[in-house]
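To start, the structure itself, in structure tokens.
What follows is calculated from the coordinates using simple rules that are stated; it is not laboratory data. From a predicted model like this one, the values you see are computed outputs, not experimental measurements. Quick reminder, even Gly has a Cβ in these numbers, built from the backbone with ideal geometry, and neighbours come from all protein chains shown.
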Amino acid sequence: MKHKMSKQERMHRRFTEAFRKEQVELIEKGEATQADIARRYDVSYQNVHRWVKKYGKLDRENKTTYVGSSKDFDRLRLIEKEYKSLQRLFGEQQIELIRARKLLDIAKEQLGSDFEKKPNPTLNHVAGK
């Protein structure tokens, strides 16, 4: 059975910088999580998190967005909603493009490989070309 350290014992423990860097490396390689390291060495999750912030080498996106007022919050929500809408529209356009290309392939297959859209001379004359 593992001996549970008292609070006093934990407070007087010091981990070397090399040890902390080694643990962060394990986390970044995916061999352990921050929670795993915290449990394994009976240290708080917050301490392990600080080690990762201080010694980590991976580029991490800053996912924190600071909002200064309710106006900022409303604007942020509106931007997020518009972003999702644009993503959906982009996806729909991609599908439509794939569909058009497939229809063109079918038309070329059925009408011959030299199938092209023929320019309409009447429209060219009207447009001033």
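Rounded to the nearest 20 Debye, what is the dipole magnitude of segment 7-55 about its Cα centre when Lys and Arg each give +1 and Asp and Glu each give -1 at the C-beta?
So the magnitude is around 260 debye.
I want to check the label-to-label distance for Arg39 and Glu25. Put each point 7 Å from Cα in the C-beta direction and report it in nm to one decimal.
2.4 nm
How much length is gained if the chain between Glu96 and Asp72 is pulled fully straight, taking 0.36 nm per residue apart and subtracting their Cα-Cα distance, in nm to one decimal? Walk me through the numbers on the way to the answer.
On the way: separation 24, 0.36 × 24 = 8.64 nm, distance 3.58 nm.
Additional length available on full extension: 5.1 nm.
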